[in-house]
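One structure below.
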Amino acid sequence: MKITVFGTGYVGLVTGACLADVGHSVVCVDIDEDKIARLRRGEIPIYEPGLESMVLRNVEAERLAFTTDATEAVRHGVLQFIAVGTPPDEDGSADLQYVLAVAATIGRHMDGYKVVVDKSTVPVGTADRVQARIASVLAERGVELAFDVCSNPEFLKEGSALEDFTRGARIVVGSASPKVDELMRECYAPYNRNREKMMFMSVRAAELTKYAANAMLATKISFMNEIANLAERLGADIEDVRRGIGSDPRIGYHFIYPGCGYGGSCFPKDVQALSRTAAKVGYSAELLEAVEAVNRRQKTTLFDKLSAAFGGDLQGKTIALWGLAFKPETDDMRDAPSRTLMESLWAAGAVVQAYDPEAMRECRRIYGERDDLILVADRIQAVRKADALVICTEWKEFRTLDAAWIRDQLRHPVVVDGRNLYEPDVMLDAGIDYYAVGRGKTLTEVTA
């Protein structure tokens, strides 16, 4: 099939590359000339395992191309995927200006039947707005051309996006047209061979499914963080609790690891957007608001534990950070707990000495050069002459450590583990003041 993908960000680039990889002819279009030039040179603007080789392979095979020419792009594909950003507006609702701008572009340049596929995460009712925008532009042109709009939400996890796209649990399509259903089946046929993954439903149900899925996962994370905070105060080990409830098949082990809060491009934005959508239709989504509030508070827990360990005085201290990205296998720092921690440390007069396997360049882009931010080449350099160590991201290379060696490297034997990577008894036996989430030393012990 001939397919057009608007947007070369995370979703657009993964979608385009994966569809090209099974033999479709894909053109990815973006208004960012620099990004398109870099992609044409084989430079991938994001880190995602396996993506670079997939893009290069399909460009070489002439199944994947990049352009800024909207006319060329619209005329190329019968399927027109919209995969542009929907950043949070000032009130937390999804900003649809880029989605609607693409809709107008498609209406302006289409010369035959098109299926416009909303791939971006968008509020319920967006397909209606896209339909109206295209119809309006066609009316301005004085032409009558048939088109359909459908919803095909993405369910990609950063760090495993290619696996999620090619071996995902489901492919959701919201449509009211048998013709659209047929074309979308053809599009995804290579990824629908093992078992029936296609789920057809109404457009609005598909739009809500995406938000509901992310909100459910975010709820599980915030719930476990709430229980972890309670465990600290009750003297229980949250790891025992996690195993106890995870063994129940109705609950399961996925997304019940307590930590320092969720981040990234999806959960924070989508929970807020769904909550604002509820408010617009006169419904108070109290659970969603609580999930968001718990997560905001959880991101402050690392600083609170660190500050307590030093009696509230962090002025002049050098704090080592292992991990900057919001999760492993990505360079994404959007809404990352590390950012909340670093900004609090700087406000308290501390210096941050940080290492991350992939997010160093992104950190420099966000914060620039500053005297209180030292980015180093590896985890060993990060802890040298530091007063304490904080783990923000559970990269594999951080999962083991020599407790005695860490104790000897740090000026003060303080480790704050935001991802519960280590055993409290091992750390405490080595003479380390170890603070984790729902385990190890607690704030109550420090302030008693």
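In table form, for the structure just shown:
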{"read-out": "Nonlocal amide H pairs with VAL352, under 5 Å, H built at 1.01 Å", "value": "ILE319, LEU373, ILE374"}
{"read-out": "Gain in span if fully extended, SER202 to TYR113, counting 0.36 nm per residue against the direct Cα distance", "value": "29.9 nm"}
{"read-out": "Percentage of interatomic Cα-Cα distances in region 113-171 larger than 15 Å", "value": "59 percent"}
{"read-out": "Beta bridges per DSSP with both ends in region 1-141, % antiparallel, nearest 5", "value": "5 percent"}
{"read-out": "HN-Hα J in Hz across region 372-387 - Karplus 6.51, -1.76, 1.60, θ = phi - 60°, x for Gly and Pro", "value": "9, 10, 10, 9, 10, 7, 7, 5, 5, 5, 5, 8, 5, 6, 8, 7"}
{"read-out": "Kyte-Doolittle at least -1.0, axis length at least 30 Å by Cα - qualifying DSSP helices, the chain", "value": "203-234"}
{"read-out": "Amide hydrogen neighbours beyond the local backbone of VAL124, cut-off 5 Å, H modeled", "value": "none"}
{"read-out": "Computed accessible area, ILE46, all protein chains, 1.4 angstrom probe, square angstrom", "value": "50 Å²"}
{"read-out": "Members of LYS327/LYS396; LYS210/LYS396; LYS220/LYS299; LYS2/LYS179 lying beyond 18 Å, as alpha-carbon distances in this model show", "value": "LYS210/LYS396"}
{"read-out": "Dipole of the chain, positive end: most advanced residue of GLY311, VAL78, CYS260 [Cβ charges, Cα centre]", "value": "VAL78"}
{"read-out": "Listed residue (ILE3, ALA101, ALA290) projecting farthest to the positive dipole end of the chain, Cβ model", "value": "ILE3"}
{"read-out": "Extension gain from LEU234 to ILE31, taking 0.36 nm per residue of separation minus the Cα-Cα distance", "value": "67.6 nm"}
{"read-out": "Semi-axis lengths (Å, descending) of the ellipsoid that matches the C-alpha gyration tensor of region 147-190", "value": "23, 11, 7"}
{"read-out": "DSSP bridge pairs, the chain: antiparallel proportion in percent, nearest 5", "value": "5 percent"}
{"read-out": "Whole-number accessible area per residue in Å² for the chain, which is evaluated in the context of all protein chains at 1.4 Å", "value": "44 Å²"}
{"read-out": "Cα coordinate range in region 199-349, projected on the principal axes (Å, largest first)", "value": "58, 34, 33"}
{"read-out": "Debye-sum result for region 304-443 in log10 I(q)/I(0), which assumes one identical scatterer on each alpha carbon, at q = 0.14, 0.18, 0.20 Å⁻¹", "value": "-0.57, -0.98, -1.24"}
{"read-out": "For ASP89, distant residues with modelled amide H under 5 Å away", "value": "ALA94, ASP95"}
{"read-out": "Angstrom value of the Kirkwood radius, inverse mean 1/r, which spans all Cα pairs in the chain", "value": "23.6 Å"}
{"read-out": "Phi-based couplings in Hz for region 312-328 (Karplus 6.51, -1.76, 1.60; Gly and Pro marked x)", "value": "x, 10, 10, 4, x, 7, 9, 10, 7, 10, 9, x, 10, 5, 5, 7, x"}
{"read-out": "Label-to-label distance, nm, for residues given as GLU144 and MET216 (7 Å Cα→Cβ offset)", "value": "4.4 nm"}
{"read-out": "Most to least accessible of TRP346, TRP405, TRP322 (protein chains only, probe 1.4 Å)", "value": "TRP405, TRP346, TRP322"}
{"read-out": "Sum of -39500 (n - 2.57) over DSSP H runs of 4+, divided by residues of the chain (222 nm, nearest 500)", "value": "-13500 deg cm²/dmol"}
{"read-out": "Using a Förster distance of 41 Å, the FRET efficiency for TRP346-LEU56 (Cβ separation, nearest 0.05)", "value": "0.55"}
{"read-out": "For region 167-279, convex hull of alpha carbons as volume per residue, Å³", "value": "142 Å³"}
{"read-out": "Distance-filtered residues of region 315-341 - backbone nitrogen under 13 Å, label point 7 angstrom along ASP371 Cα→Cβ", "value": "316"}
{"read-out": "Region 82-152 and region 8-53: distance between their alpha carbon centers, rounded to Å", "value": "21 Å"}
{"read-out": "For region 153-223, diffusion coefficient by Stokes-Einstein and Kirkwood Rh (Cα), 37 °C, 0.692 mPa s, µm²/s", "value": "248 µm²/s"}
{"read-out": "Fraction of alpha-carbon pairs over 21 Å apart in region 241-324 - percent", "value": "53 percent"}
{"read-out": "Accessible-area composition of region 28-155, carbon plus sulfur, in percent [1.4 Å probe]", "value": "45 percent"}
{"read-out": "Residue-wise HN-Hα coupling along region 162-177, computed from phi with Karplus coefficients 6.51, -1.76, 1.60 (Hz; x: Gly, Pro)", "value": "5, 4, 5, 6, 7, 10, x, 6, 7, 10, 8, 10, x, 7, 10, 10"}
{"read-out": "Positive-end residue, region 264-403 charge dipole about Cα centroid, Cβ charges, pick of LEU321, ALA403, ALA336", "value": "ALA336"}
{"read-out": "Tail beyond 17 Å, pair distance distribution of region 2-45 (Cα, percent)", "value": "25 percent"}
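The values are calculated or read from the model by the stated rules, or taken from the named source; none is laboratory data. Just so we're clear, the structure is a prediction, and the values are computed from it rather than from any experiment. Because the Cβ atoms are built from the backbone with ideal geometry, glycine has one as well, and the counts that use them run over all protein chains shown. Surface accessibility is based on the protein's heavy atoms, side chains included, excluding ligands, DNA and RNA. Shrake-Rupley method; radii C 1.70, N 1.55, O 1.52, S 1.80 Å.
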